[in-house]
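The values are calculated or read from the model by the stated rules, or taken from the named source; none is laboratory data. Only a predicted model underlies this, so the values are computations on that prediction, with no experimental measurement involved. Note: areas computed on protein heavy atoms with side chains; ligands, DNA, RNA excluded. Shrake-Rupley method; radii C 1.70, N 1.55, O 1.52, S 1.80 Å.
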Amino acid sequence: MTAQRLLRPTVVSMYNYMQPIVASTVAIILGIGTFNLEKGIAVALVFLGVYIVTQSKSRKDLEPHPKEP
């Protein structure tokens, strides 16, 4: 919780979205879970979403910068 207050929102969201992937990976390694097409698609969509968020520009970057005199 402390890190979530100190880090940028994109880092926090990546951490939150990666938790189920890590949990599923551990479950598969331990033999508790199985990997199927549905989980593969879900992992691909999570990585795609994280990539899109990290590549997007912030509102501050999109606003025109005032010219200095």
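Summarised as an ellipsoid, the stretch 1-48 has semi-axes of 25, 14, 5 Å, derived from the eigenvalues of the Cα gyration tensor scaled by 5 and square-rooted, with the largest first.
Here the accessible area of the stretch 1-48 is 73 percent carbon and sulfur, with a 1.4 angstrom probe and all protein chains present.
With all protein chains present and a 1.4 Å probe, how do THR10, THR25 order by accessible area, largest first? Don't skip to the answer; put the middle values down first.
Details: THR10 35, THR25 70 Å².
From most accessible down to least: THR25, THR10.
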